[in-house]
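Derivation of every value follows stated rules applied to the coordinates shown; laboratory data play no part. Worth saying up front: this structure is predicted, and the values here are computed from it rather than measured. Using ideal geometry, Cβ is built from the backbone for each residue, glycine included, and neighbour counts are taken over all protein chains shown.
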Amino acid sequence: MKKNTKKKSPQKLKQVEQNYIKKEKDVFMKLGSKLKAYFFTGILVTAPVAMTFYLAYKLIVWVDVLVNKMLPPKFLPDTYLPFTIPGLGFIVLIGLLIVIGMFATGFLGKFFLKLGEWIVYKLPFISSVYSLFKQVFSTFLSNKNNAFNKVVMLEYPRKGIWILGLVSTETGGEIQEKLPEPMLNVFIPTTPNPTSGFLIFVPKKDVIEVDISVEDAIKFVISGGIVNPEDEQKKE
């Protein structure tokens, strides 16, 4: 029997080669897309944890350095130990604040506190700064009242454009007397730093209350709209 020695034409060989190259490219493209997805998933998983621990570490180191400068060398464990104890300054600071708080709630503490405030309020510029910081910290650290009680949506800076706002309280005093209708004090936080922003007075009828927590609203602002408040509620 005669063997079939018919050779493939150059055109067919070229077609087979192109098909092989195409399949090879598809395999590498699929592999590349998977590796890319794995890479971004790795960032998504590790970045928040790494950044949280890094910031906590930096805060602890900063407090340690600050406390070590304030304490006499004979009270520092580093003087007697061949190694440093990270976080010791942080523990000392917490203990010191607790002791100060205990002293401030007593009779003598209240007396010296009032005396110190009386002296501070007599100073022209420092009194204004002290009063501002005292009000801010009293509001944020108070257990009885929340700094912001609800989240609202309002049209700002013009009709048709909506923005999230945090209601602190109803407008009162002389400001409300000068205005024609009941108003709300609304803080507008900025992205990505919600601690900065601006205060506006908005008519009650012009706001729409949103059924999300203040914490979720702040996360939404920090993320620039990426972290949806509904997604946070589903996690819970």
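Solvent-free Debye calculation, one equal scatterer per alpha-carbon of the range 150-235: log10 I(q)/I(0) at 0.12, 0.14 Å⁻¹ equals -0.37, -0.50. The trypsin sites (Lys or Arg not before Pro) of the range 158-236 that meet both conditions, a loop assignment by DSSP and at most 10 other Cβ atoms within 10 Å of the site Cβ, are Arg158, Lys159. When you restrict to C-alpha pairs under 8 Å that are six or more residues apart and normalise by the size of the range 150-235, the relative contact order lands at 28 percent.
Cross-link check: pairs Lys114/Lys134; Lys150/Lys205; Lys58/Lys134; Lys178/Lys204 evaluated at a Cα-Cα cut-off of 19 Å; pairs beyond the cut-off: Lys58/Lys134. Charged side chains reduced to their Cβ positions (Lys and Arg at +1, Asp and Glu at -1) give the range 150-235 a dipole of some 200 debye around its Cα centre.
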